[in-house]
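Since the structure comes first, as structure tokens, the remarks are kept for the end.
The values are calculated or read from the model by the stated rules, or taken from the named source; none is laboratory data. Source: prediction; values computed, not measured. Cβ coordinates were reconstructed from backbone atoms using ideal geometry, including for glycine residues, and neighbour counts include every protein chain displayed. Heads up: the accessible areas ignore ligands, DNA and RNA and are worked out on the full protein's heavy atoms, side chains in. Shrake-Rupley method; radii C 1.70, N 1.55, O 1.52, S 1.80 Å.
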Amino acid sequence: MNAELLLQNLKALKDTFEQEEQNLTQLDRVIGDGDHGVNMLRGFKAVDEKVSGTTISEVLKSTGMTLMSSVGGASGPLYGFSFVKMAGVDEDEITSDNLKSFIDEFKNAVATRGKVTGGEKTMYDVLLKASKHLEEGQPLTNEVLQQFADETKELEATKGRAAYFKKDSVGHIDPGAQSMVYVLNAISKDV
Amino acid sequence: MKKLMKEKTNFVADMLEGIKVMDHSVEIISDNVVVRKNLKSKGVALVSGGGSGHEPAHAGFVSEGMLDAAVCGEVFTSPTPDKILDAIKHVATEEGVLLIIKNYAGDVMNFEMAQEMAEMEGIQCQSVIVRDDISIDNEQDRRGVAGTVFVHKYAGYLSDNGYNLTEIKEKVEAFIESIKTIGMAIYPCLVPTTGQYGFDLDDEKMEIGIGIHGERGIYQENIEPVDDIIKRLMNELEKEVSEKELIVMINGMGATPDSELAVIAKYFNDYAINHKLDIKKCIVGNYMTALDMQGFSITLVPYQEEYLKAFNAPTESKYFK
């Protein structure tokens with residue numbers, strides 16, 4: 001995937017989040033404060049309007065800065081900082097050979113900023129599993145990513161706002177894990 | 001959804017324009033940053049903020065004796081680091097800036113990133129994190145709620161009395177350790193940006209241990225008369241606070257009428273007398289709200305002479321009297 005296609009995929013997330021706003025808000029309402037859909041849509045509307053770049057690195061950095069200054073909440077710095085970090089990978093294209101470097105950079109950035117490990121019912125769980133999946137030589141597909149998000153259903157949250165609800169958080173998909181499916185899909189679907 | 005508003009995406013911007021109309025001592029710089037017009041020339045500057053929806057917090061406490069700037073995020077959403085940095089740069093003095101952060105993951109991350117950026121630009125910057133909500137067991141995870149307003153006032157007093165940044169941070173952190181709050185709701189709030197209630201609550205139920213972002217409480221109970229609710233909340237608080245001499249805040253969650261706040265004050269006073277509590281000061285009103293949630297929180301601070309002095313010191317904020 002070249003820079004142009006990546007830019008197109010990232011801008012198209014505006015439509016995805018327009019469609020999924022209600023769904024994400026509903027997920028967040030159960031175990032959070034119900035604004036994840038609104039925040040992600042605001043962020044990717046800004047991405048659609050403002051992001052530019054002719055290299056992979058420029059597109060990722062511009063996306064990161066835009067998310068950081070428009071999303072807010074916890075997802076703003078987590079997504080924003082991670083895209084800026086991914087810009088450091090500096091490849092001409094995202095390919096099946098180097099995709100894991102991007103995902104790992106993403107994963108490490110979320111771990112650092114969010115002070116998360118794994119199994120805590122957060123967006124990080126999807127990243128961790130995506131990285132392992134690539135390591136095993138398996139391709140990332142939308143279905144696989146969705147399955148990783150679905151698996152957060154069974155977890156009891158120990159991080160983020162959902163952690164306040166302890167056992168009551170079981171049985172619901174983490175909203176951050178769900179938005180991560182769309183974001184990772186945009187980065188990996190044309191690889 | 002019925003709300004007195006124009007566009008959901010413009011809700012916060014419209015609100016801030018309105019605050020400017022209502023209070024001529026503040027101005028708005030750089031989208032959503034409320035600052036004092038009359039800036040401090042010396043003394044540590046204080047910056048706080050968080051999501052909107054907690055009015056009068058935080059913009060209402062931008063005034064002499066309290067905050068120098070409030071950074072207002074979208075409804076219930078932490079502001080972004082660039083806006084926080086704008087606030088820091090605008091109010092910073094040579095003595096530095098203290099950030100007062102409520103312990104919510106988003107607030108902590110965004111404020112810490114702003115602090116790092118400010119330090120890179122050579123501004124002396126420190127932060128404190130308020131964790132007063134005892135409805136969360138693990139002390140490190142406790143949310144920052146109504147007690148944050150006491151922190152604004154105490155830090156303002158220390159700054160006005162010439163303490164330096166290190167001293168203020170130290171004193172405020174010790175103070176934060178001692179503040180304990182718990183809240184409850186009988187009706188959830190209607191969030192303008194989503195058009196949805198924060199949670200569902202049957203007519204005969206109440207939520208105990210709510211946060212201030214419209215999120216559910218920690219458990220539900222059948223509704224009780226208010227004296228029993230006070231007893232329930234005080235039982236929780238007294239597990240943490242054994243002192244008998246106290247400073248108290250009874251905080252309305254936004255849609256609790258003054259009549260009901262007065263009723264709460266009466267039964268709180270009865271409780272204090274029955275339990276031989278010596279209440280040195282009790283403030284009652286809307287300080288840190290959750291939009292139009294109906295309910296209240298009680299905040300206890302073990303009495304110290306300096307705290308009482310700080311809370312009685314003058315401020316221009318009409319919301320802290």
Looking at (1) open to solvent by 10 Å² or more (accessible area, probe 1.4 Å); (2) over 16 Å from A:K14 (Cβ atoms); (3) in contact (Cβ under 8 Å) with a residue 12 or more places away in the chain, find the lone condition where A:R29 falls short.
(3)
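Give the residues of the range B:115-129 that are among the small types (G, A, S), more than 20 Å from B:A57 (Cβ to Cβ) and touching a helix residue (DSSP H, G or I) at 6+ places or on another chain (Cβ under 9 Å), sorted by residue number.
Residue satisfying the conditions is B:A118 alone.
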If you go through the range B:266-315, how many residues are out of contact with any strand residue (DSSP E or B) (no Cβ under 9 Å at 6 or more places or on another chain) and either closer than 22 Å to B:M253 by Cα or touching a residue at least 40 places away in the same chain (Cβ under 8 Å) (or both)?
10
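Let's see how each residue does on (1) polar (S, T, N, Q); (2) under 22 Å from the mean Cα position of the chain (by Cα):
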{"site": "B:K2", "(1), (2)": "no, no"}
{"site": "B:E17", "(1), (2)": "no, yes"}
{"site": "B:T80", "(1), (2)": "yes, yes"}
{"site": "B:I88", "(1), (2)": "no, yes"}
{"site": "B:E95", "(1), (2)": "no, no"}
Which of the residues belonging to the range B:86-114 are surrounded by fewer than 24 Cβ atoms within 10 Å (Cβ to Cβ), within 14 Å of chain A (Cβ to nearest Cβ) and closer than 18 Å to B:V62 by Cα?
B:D86
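Part of a helix (DSSP H, G or I) and either surrounded by 18 or more Cβ atoms within 10 Å (Cβ to Cβ) or in contact with a strand residue (DSSP E or B) (Cβ under 8 Å, 6 or more places away or on another chain) (or both) - does that describe any residue in the range A:86-93? Let's see the steps before the verdict.
Let us first name the residues in the range A:86-93 that are part of a helix (DSSP H, G or I), namely A:86-87.
Now narrow it down to the ones that are either surrounded by 18 or more Cβ atoms within 10 Å (Cβ to Cβ) or in contact with a strand residue (DSSP E or B) (Cβ under 8 Å, 6 or more places away or on another chain) (or both): A:86-87.
Yes; the residues of the range A:86-93 include at least one that is part of a helix (DSSP H, G or I) and either surrounded by 18 or more Cβ atoms within 10 Å (Cβ to Cβ) or in contact with a strand residue (DSSP E or B) (Cβ under 8 Å, 6 or more places away or on another chain) (or both).
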Quick one: in the range B:122-161, of everything that is open to solvent by less than 60 Å² (accessible area, probe 1.4 Å) and of a type in the set (G, A, S), which residue is farthest from B:Y319 (Cα to Cα)?
B:S135
Here the residues within the range A:135-154 that are part of a helix (DSSP H, G or I) and surrounded by fewer than 20 Cβ atoms within 10 Å (Cβ to Cβ) are A:E135, A:N142, A:E143, A:V144, A:Q146, A:Q147, A:D150, A:E151, A:K153, A:E154
Residue match in the range B:175-190 (condition: touching a residue at least 12 places away in the same chain (Cβ under 8 Å), open to solvent by 30 Å² or more (accessible area, probe 1.4 Å) and more than 10 Å from every other protein chain (Cβ to nearest Cβ)):
yes
So is B:E221 farther than 25 Å from B:Y154 by Cα and within 22 Å of the chain's Cα centre (by Cα) or not?
no
Counting only helices (runs of 4 or more DSSP H) entirely within the range B:225-321, those with at least 3 residues that are within 17 Å of B:D133 (Cβ to Cβ) and open to solvent by 50 Å² or more (accessible area, probe 1.4 Å) are B:226-238
Quick one: which of A:K100, A:K121 is away from every other protein chain (no Cβ under 12 Å), outside any helix (DSSP H, G or I) and either acidic (D, E) or under 16 Å from the mean Cα position of the chain (by Cα) (or both)?
A:K121
Are any residues in the range B:139-167 touching a helix residue (DSSP H, G or I) at 6+ places or on another chain (Cβ under 6 Å) and farther than 24 Å from B:S78 by Cα, and if so, which ones?
B:Y157, B:L158
Counting only residues in the range B:23-53 that are loosely packed, with under 15 Cβ neighbours inside 10 Å and small (G, A, S), the one farthest from B:L4 (Cα to Cα) is identified as B:S41
Return yes when B:G217 is on the phi < 0 side of the Ramachandran plot and not hydrophobic (A, V, I, L, M, F, W, C) and no when it is not.
yes
